[in-house]
Amino acid sequence: GMSISGTTPITYGAISNFAGSETNTGDADCVYSLDKPNMIYGAGTWTFNYSTAGCINYSAGSVMGSLVVNKINSQTSLTFDKISPQNYGNSIIPTCSVISGQGSPVLQMNSLTINSGQTLTLGAGSYMFNCSYAGNQNYSASSQQVYYTINKNSPTSGMSISGTTPITYGAISNF
């Protein structure tokens, strides 16, 4: 008889290891073949066929096996040029990238799409940044969220007072 074997399921990026075998006797003139090579296959289900066209003592025949290839996990990275929190007036630069996957990520700040690497000067408050990757045939979707705080700045910064002092009682102050 004929059989087909191999590891299934596997994860995208792994090389398949399907093989056919036969235990027939008196089949020296039979030719057996596997219809697909062992290699990296995209995520999905692949059917392998081990077959013979037949020979003097055996008719044509085949056996099939299914290879299941699962998606591999993707990974995104969301970084900032300065650590949170920062004071109002300081700019920040968020950078969103795909570490593991194929394609481009999307960077959002409070659900609005922005450009990765863009310099931002934000008002005081808390901001939710999300770096997301939609995935594709071979990679799962992933995202990374970071909450970033911009603190209120001290009102004394940049303020000064001037005038003449001391003054004589009754004189008008110029402060």
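The values are calculated or read from the model by the stated rules, or taken from the named source; none is laboratory data. All values reported here derive from a predicted model rather than from experimental measurement. Because the Cβ atoms are built from the backbone with ideal geometry, glycine has one as well, and the counts that use them run over all protein chains shown. When the accessible area is computed, the model is the full protein with side chains, heavy atoms only, and any ligands, DNA or RNA have been set aside. Shrake-Rupley method; radii C 1.70, N 1.55, O 1.52, S 1.80 Å.
If you check 139, 127, 147, which single one turns out to be open to solvent by 70 Å² or more (accessible area, probe 1.4 Å) and of a type in the set (Phe, Trp, Tyr)?
Details: 139 fails: open to solvent by 70 Å² or more (accessible area, probe 1.4 Å); 127 fails: open to solvent by 70 Å² or more (accessible area, probe 1.4 Å).
Going through 139, 127, 147 in turn, just one is open to solvent by 70 Å² or more (accessible area, probe 1.4 Å) and of a type in the set (Phe, Trp, Tyr): 147.
Out of everything in the stretch 17-36 that is charged (D, E, K, R) and open to solvent by 30 Å² or more (accessible area, probe 1.4 Å), what residue ends up being nearest to the chain's Cα centre (by Cα)?
Among residues in the stretch 17-36 that are charged (D, E, K, R) and open to solvent by 30 Å² or more (accessible area, probe 1.4 Å), the one nearest to the chain's Cα centre (by Cα) is 36.
Exactly one condition in (1) free of Cβ contacts under 8 Å to residues at least 60 places away in the same chain; (2) at positive phi is not met by residue 41; state its number.
Just one mismatch for residue 41, condition (2).
Find the residue count for the stretch 117-144, including only residues that are of a type outside the set (S, T, N, Q) and assigned to a strand (DSSP E or B).
8
State the number of residues belonging to the stretch 1-12 that are over 11 Å from residue 44 (Cα atoms) and open to solvent by less than 40 Å² (accessible area, probe 1.4 Å). Spell out the reasoning first.
At the first step, the residues of the stretch 1-12 found to be over 11 Å from residue 44 (Cα atoms) are 1-8.
This time we only want the ones that are open to solvent by less than 40 Å² (accessible area, probe 1.4 Å), so: 4, 6.
Number satisfying all stated conditions: 2.
Counting only residues that are free of Cβ contacts under 8 Å to residues at least 24 places away in the same chain and in a loop (DSSP other than H, G, I, E, B), which one in the stretch 75-101 is surrounded by the fewest Cβ atoms within 10 Å (Cβ to Cβ)?
My answer is 83.
Assuming residue 67 fulfils every condition listed in (1) open to solvent by less than 50 Å² (accessible area, probe 1.4 Å); (2) without any contact (Cβ under 8 Å) to a residue 24 or more places away in the chain; (3) not hydroxyl-bearing (Ser, Thr, Tyr) apart from one, which condition is it?
Unmet condition: (2).
Restricting to the stretch 27-44, name every residue that is of a type in the set (D, E, K, R) and either under 13 Å from residue 66 (Cα atoms) or outside any loop (DSSP other than H, G, I, E, B) (or both).
35, 36
Is there a residue being in a loop (DSSP other than H, G, I, E, B) and more than 18 Å from residue 138 (Cβ to Cβ) anywhere in the stretch 9-21?
Yes, some residue in the stretch 9-21 is in a loop (DSSP other than H, G, I, E, B) and more than 18 Å from residue 138 (Cβ to Cβ).
Applying the selection to the stretch 102-116, what residues are surrounded by 12 or more Cβ atoms within 10 Å (Cβ to Cβ) and assigned to a strand (DSSP E or B)?
The answer is 106, 107, 108, 109, 114.
Scan the stretch 37-64 residue by residue and report those that are within 29 Å of residue 14 (Cβ to Cβ) and open to solvent by 50 Å² or more (accessible area, probe 1.4 Å).
37, 38, 39, 40, 45, 46, 47, 62, 64
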